[in-house]
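Peer 1: I have a structure here, written as structure tokens, and I will follow up with some questions on it.
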Amino acid sequence: MKKYVKKIILILLLLMSVSAIVFAIYSEKNEVEALSKYGSRGEEVRQIQDKLKRWGYYKGNVDGIYGSQTQEAVKYFQRKNGLTVDGIAGPNTLKAMGIYNSSNSSSSGSSSSTSNSSNLNLLARLIYGEARGESYTGKVAVGAVVMNRVRHSSFPNTISGVIYQSGAFDAVSDGQINLTPDSEAKKAAQDAMNGWDPTYGAIYYFNPATATNKWIWSRPMTVTIGKHRFCK
């Protein structure tokens, strides 16, 4: 009888241990997957707010508090970037913002990561070749024109297709596309790919001091940034 009771106790203890382990794994998994959401506080929230504010999605204070304004800004970003609109900065949303952590570094697949890295490097090379003497905003603006063309029905629907379209960019024609981009060009490329558009939807730009094409002067201007005039 005593042996039977001991066996029952051992089985119960084993079941309790297994349950505790499963609960711990489940809790940790949910904590990682949830990431930043309404009510969260901290440095990651501050990064989210800072990026969304620079890209024009967020108007509030960069205070590290995930309130209703931050939640709505995240939803706005998600809608614009084809993500699930839930107001939660989960792995896919953080990745689209260029914010990486352990939860989204291994699940996206090597082919997708390689493709994103290739696009980022190509766009950075174009920015460096076309606008390395411009301000940071001016560099992002050149990248934004490429991204706007990708989404426009009149242009190829890939970054490489837009950049290498015949006669599209001087940096391709004169070989400056092959120069090694600096860290600022890479950061500007990432910001442009993440949705920051200081050109307000421009699909063309030119330098008024050197432009000889009469047609480009006829395009409606959106903004002038540094030496470049941006237009639609």
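The values are calculated or read from the model by the stated rules, or taken from the named source; none is laboratory data. For clarity, every value in this text was computed on a predicted model and none was experimentally measured. Please note: Cβ atoms are built from the backbone with ideal geometry, for glycine as well, and neighbour counts cover all protein chains shown.
Peer 1: Let me confirm something: among V140, V172, which residue is within 19 Å of the chain's Cα centre (by Cα), of a type in the set (V, I, T), at negative phi and in a helix (DSSP H, G or I)?
Peer 2: V140
Peer 1: Here's a follow-up. Quick check on the range 223-230. Is at least one of its residues aromatic (F, W, Y), part of a strand (DSSP E or B) and out of contact with any Gly (no Cβ under 7 Å at 6 or more places or on another chain)?
Peer 2: yes
Peer 1: In the range 123-161, which residues are hydrophobic (A, V, I, L, M, F, W, C) and modelled with pLDDT of 95 or more?
Peer 2: L123, A124, L126, I127, A131, V140, A141, V142, A144, V145, V146, M147 - these are the residues of the range 123-161 that are hydrophobic (A, V, I, L, M, F, W, C) and modelled with pLDDT of 95 or more.
Peer 1: Still on this structure, I have one more. Check K227 against each of (1) closer than 17 Å to G98 by Cβ; (2) surrounded by 13 or more Cβ atoms within 10 Å (Cβ to Cβ) and name the one condition it does not meet.
Peer 2: (1)
Peer 1: Further question: Which of the numbered conditions does E130 fail, given that it passes all the others? Conditions: (1) surrounded by fewer than 14 Cβ atoms within 10 Å (Cβ to Cβ); (2) not in a loop (DSSP other than H, G, I, E, B).
Peer 2: (1)
Peer 1: Starting from residues that are among the hydroxyl-bearing types (S, T, Y) and not in a loop (DSSP other than H, G, I, E, B), keep the ones in the range 24-73 and report whichever is modelled with the lowest pLDDT.
Peer 2: Top of the filtered list is S27.
Peer 1: Pairs please, first residue from the range 115-143 and assigned by TED's automatic domain parsing to the domain that holds A171, second anywhere and of a type in the set (K, R), Cβ atoms under 7 Å, 6+ apart in sequence or on different chains.
Peer 2: As it stands, the answer is L120/K186; A124/K186; I127/K139; A131/K139; E134/K227, since those pairs meet every condition given.
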